[in-house]
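Step one of this worksheet: look at the structure below.
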Amino acid sequence: MKITRVVASSRRRRPSRVLLGAVVLTLAAAGVAAVAATAQTKRHQDVTITWMTFETPNLPASFWEDVRTRFEAANPGIHVKRLVTPTLDRDGYAKQLLASGQFPDVLQAITPQDYVSQGLLYAFTPAEVASWHVTTPTAGTIGGKQYSIPNEAQVIPLVYYNKAIFAKLHLKIPKTWAQFVAICKKIKAAHITPIQLGGSKDTWASWIFLGGIFSTDVLGKDPNWILQRKAGKVHFTDPLVQHAFNKWAALAKAGFFNKDALSLDYPHMQQEFLAGKTAMYPMGSWAASASAVGASKFGTGVFRIPTDSGAIVEPDFAAGGVFVSAKSANLDAAKKLATFWALDKKTDDALATNDAGLMTIKGYTPPSGLPGVYYQTAKLFTQPSTKKHKVKRVDVMFFNRGDRASAPGMDAFYASAAQNILLGRSVKAQLKFLDVQWDKASAHK
């Protein structure tokens with residue numbers, strides 16, 4: 001009887017099929033609710049970040065859109081809104097956005113010293129810097145801190161030349177400044193404009209060549225001139241700087257520049273060179289791309305700006321183009337975009353192809369099939385310095401970043417001085433003007 005009661009009791013404790021079904025339905029409903037809640041949470045976690053970019057013939061809208069699309073695909077939940085600069089004055093647009101409370105989460109190709117003092121840019125940690133595996137991890141640092149990802153280098157400027165014109169006039173690549181001037185005279189005598197310049201709304205295009213002369217002549221002799229100027233130990237009115245500016249003024253006075261220089265923006269000055277209207281085109285190494293002078297039908301060669309003595313001096317700019325706002329509400333997402341832009345292989349290949357980027361990522365190999373002038377440019381950049389052929393690499397005076405850069409905001413004044421000299425105004429007066437503006441900029445730093 002005990003056994004019977006136990007069995008009967010056991011049977012009473014077994015859940016019925018109805019009860020099991022109810023449990024299953026309850027669990028299923030809970031699962032659906034959990035999935036829905038997860039999806040709702042994910043939607044709430046979606047973020048949108050703003051990315052200030054620019055567009056040039058080398059880096060058109062399609063380049064930036066490709067990066068944006070691939071980044072969003074690789075990072076679900078992060079959406080990117082591009083803000084395109086109306087001109088190539090990136091700093092002007094960034095400061096306009098800042099003033100209106102719309103400072104972007106990620107910014108391209110700005111002058112960092114103009115923002116670091118205000119605490120606006122994110123300083124990457126040593127661990128983050130080490131993870132990049134770049135060859136120049138300290139390039140462009142400010143106060144020992146890295147605010148960008150130095151994935152690319154440029155030589156600013158080199159002199160790109162029309163091989164057909166040089167061959168027709170039996171010209172050789174100049175080794176000294178005197179030889180360069182002699183070549184300009186022969187080209188002008190053949191009724192061809194020797195040197196292509198620009199200006200207009202892209203004011204940097206009017207002083208990029210002057211900046212190169214400054215770098216080779218002044219920094220070639222005193223590599224720490226910028227630091228010395230910051231300390232008030234040297235000035236623009238010093239004889240060393242006057243000599244460099246007088247060379248620029250002499251080229252203008254001799255009529256070696258295109259007459260429409262100050263009315264041309266960057267795309268149009270490039271078009272004039274590609275149309276064969278000028279023999280030489282001083283420009284940053286980005287000009288060696290297939291979308292720039294690498295597309296010429298006449299063949300393009302390249303050489304460094306010659307010095308008085310024939311010594312080889314090369315103004316190199318090794319730094320990164322991407323910066324992250326320290327004030328970003330979505331800092332992690334912004335850092336992900338910056339890292340993707342700088343280190344993604346497809347993006348780097350596009351930079352090498354479209355913008356002749358000299359990538360400074362360890363183990364990086366550029367794509368094959370690029371224009372010959374790209375590989376010529378890269379050869380100059382990687383040329384070793386030997387006892388027989390010493391290559392002195394210096395800062396880029398008018399484009400540099402970091403502790404060795406000019407005082408904040410000086411770019412506009414360099415452009416003004418260069419254009420005034422082109423118009424025939426006094427070199428000494430412009431150098432005094434630069435000293436005054438430098439001191440003002442330093443005082444308000």
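The values are calculated or read from the model by the stated rules, or taken from the named source; none is laboratory data. Everything quoted here is computed from the prediction, not taken from an experiment. Reconstructed Cβ throughout: ideal geometry from the backbone, glycine too, with neighbour counts over all protein chains shown. The protein model used for the area step is the full one, side chains on, heavy atoms only, and it has no ligands, DNA or RNA in it. Shrake-Rupley method; radii C 1.70, N 1.55, O 1.52, S 1.80 Å.
A crude spin-label estimate for the pair residue 131 and residue 168, with each label 7 Å from Cα along the Cβ direction, gives 5.6 nm. Of 171, 88, 107, the residue with the greatest mean-square motion in the GNM of the chain, using alpha carbon springs below 10 Å, is 171. Mean-square fluctuations from a GNM of the chain, with a 10 angstrom spring cutoff on Cα atoms, peak among 46, 238, 66 at 46. The modelled label-to-label distance between residue 412 and residue 178, using points 7 Å beyond Cα along the C-beta direction, is 4.3 nm. Screening the chain for DSSP H helices whose Cα atoms reach 30 Å or more along their own axis and whose mean Kyte hydropathy is at least -0.5 gives 17-45. The apolar share of the surface of the chain, taken as the fraction of accessible area on carbon and sulfur atoms (1.4 Å probe, ligands and nucleic acids excluded), comes to 58 percent.
Over 30 Å between Cα atoms, which of 95/336; 172/233; 230/379 qualify? As for pairs spanning more than 30 Å Cα to Cα, those are 172/233; 230/379. Estimated at 0.36 nm per residue, the fully extended path between residue 391 and residue 186 surpasses their Cα-Cα distance by 71.0 nm.
Between residue 362 and residue 227, the simple spin-label model (points 7 angstrom out along Cα→Cβ) gives 2.6 nm. For the chain, modelled as a Gaussian network with Cα springs under 10 Å, which listed residue fluctuates most, 168, 247, 186? Largest GNM mean-square fluctuation: 168. Counting only DSSP beta bridges whose two residues both lie in the chain, roughly 55 percent are antiparallel.
Taking every alpha-carbon pair under 8 Å whose residues sit at least 6 apart, the chain reaches a relative contact order of 24 percent. If a spin label sat at a point 7 angstrom from the Cα of residue 290 along the line to its beta carbon, the backbone N atoms of segment 371-390 nearer than 11 Å would be those of 371-372. Look at where the Cα atoms of segment 293-361 and of segment 187-231 average out, and the two centres are 20 Å apart.
For the chain, the solvent-accessible area of protein heavy atoms averages 46 Å² per residue (probe radius 1.4 Å; ligands and nucleic acids excluded).
Per residue, the average separation of C-alpha pairs within less than 8 Å and at least 6 apart gives segment 367-445 a relative contact order of 23 percent. Taking the Cα centre of segment 173-291 as reference, the dipole from Cβ charges on Lys and Arg (+1) and Asp and Glu (-1) amounts to some 320 debye.
I need the calculated FRET efficiency for the pair residue 98 and residue 297, taking r as the beta carbon distance and R₀ as 41 Å, to the nearest 0.05.
Numbers: r = 44 Å, r/R0 = 1.07.
So the FRET efficiency works out to roughly 0.40.
Charge dipole (Cα centre; +1 on Lys/Arg Cβ, -1 on Asp/Glu Cβ; no other charges) of segment 290-390 amounts to roughly 220 debye.
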